[in-house]
Amino acid sequence: MGLLKRKEEKTEVISVRVPGSAKVELDELRQRAEAGGFDLAGSMSEAVVRIIRQISVELREPAGTVRAVRPQRRSDVSRPINGTASES
């Protein structure tokens, strides 16, 4: 394992409209994450990137093609909000 790390890609801001109830829930999660020392913004960013890539794949497929959905790995489901490995 090398000591050098790649530079992170420059980030940009996007706006997404969500139902008001989801915004309220997100605001509550943000407060709880901050209090716990977690990176909610980083976790949300990773999730959005995964969704963008999934949509891109689906749009490249011919219309009417049924694509098998990849089952979630345990690591996807139980991954803590800050992205560190869990101790389970």
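Identify, please: which residue in the stretch 34-66 is acidic (Asp, Glu), part of a helix (DSSP H, G or I) and more than 20 Å from Glu12 (Cα to Cα) and is, among those, least open to solvent (accessible area, probe 1.4 Å)? Looking at the filtered set, the residue picked out is Glu58.
Collect the residues in the stretch 1-27 that are open to solvent by 100 Å² or more (accessible area, probe 1.4 Å) and more than 24 Å from Ile52 (Cβ to Cβ), keeping them in residue-number order. Can you show your working first?
If we filter the stretch 1-27 for residues that are open to solvent by 100 Å² or more (accessible area, probe 1.4 Å), which is where we start, we get 1, 3-17, 25.
If the condition is that a residue be open to solvent by 100 Å² or more (accessible area, probe 1.4 Å) and more than 24 Å from Ile52 (Cβ to Cβ), then Met1, Leu3, Leu4 are the ones that fit.
The values are calculated or read from the model by the stated rules, or taken from the named source; none is laboratory data. Since this is a predicted model, take the numbers as computed values, not measurements. Neighbour counts run over all protein chains shown; Cβ positions are idealised from the backbone, glycine included. The area values use the complete protein model at the heavy-atom level, side chains included, leaving out ligands, DNA and RNA. Shrake-Rupley method; radii C 1.70, N 1.55, O 1.52, S 1.80 Å.
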